[in-house]
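All of the numbers you see were taken from the coordinates with simple rules; none came from a lab. Quantities reported herein were computed from a predicted structural model and do not represent experimental measurements. Backbone-built Cβ (ideal geometry, glycine too); neighbour counts: all protein chains shown.
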Amino acid sequence: MTLLKHNQLETIVKESFQIEDLFSRSRKKSIIVARSVYFFLLRDHKYTLLRLSALSGRDHATVMNSIDQFEGFYAYYYEYKSQIDYVISEWENITNI
């Protein structure tokens, strides 16, 4: 995966969730869900936990926990479902080019 695609995903997530800093220390729900989507999609494209933790400035266990929470966020946080679907759709468009 090229750096361009990595940056594009970050931009898509930030715009979709209307946040400025994806890697802030905030525990605001929208940022937590956005970060989970970001980690989940990159992990699905063979990013290692070490690389994801380096990108985010977080411990690998924190990244792993965020990825594990993705399915729960998608299933139960209905207020974010359309945003998550949009990010996934845009990501698929980028990676299938």
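Structure above, values below:
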| item | result |
| --- | --- |
| Compactness of the chain - radius of gyration and Dmax, Cα, Å | 12.2, 34 |
| Qualifying trypsin sites (Lys or Arg not before Pro) for segment 1-80 [loop in DSSP, other Cβ within 10 Å: at most 13] | R25, R27, K28, K46 |
| Ranking of E92, E10, E15, E20 by count of other Cβ atoms within 10 Å, fewest first | E20, E92, E15, E10 |
| Phi-based couplings in Hz for segment 47-63 (Karplus 6.51, -1.76, 1.60; Gly and Pro marked x) | 6, 7, 4, 4, 5, 5, 5, 5, 5, 9, x, 10, 5, 4, 5, 5, 4 |
| Note, ³J(HN,Hα) from phi for segment 76-82, Karplus 6.51, -1.76, 1.60, rounded to Hz, x at Gly and Pro | 10, 9, 4, 5, 10, 4, 5 |
| Net dipole in debye of the chain [+1 Lys, Arg Cβ; -1 Asp, Glu Cβ; about Cα centre; nearest 20] | 320 |
| Furthest towards positive pole of dipole, S36, M64, N96, structure part the chain, Cβ charges | M64 |
| The chain: relative contact order as a whole-number percent, Cα under 8 Å and 6+ apart | 31 |
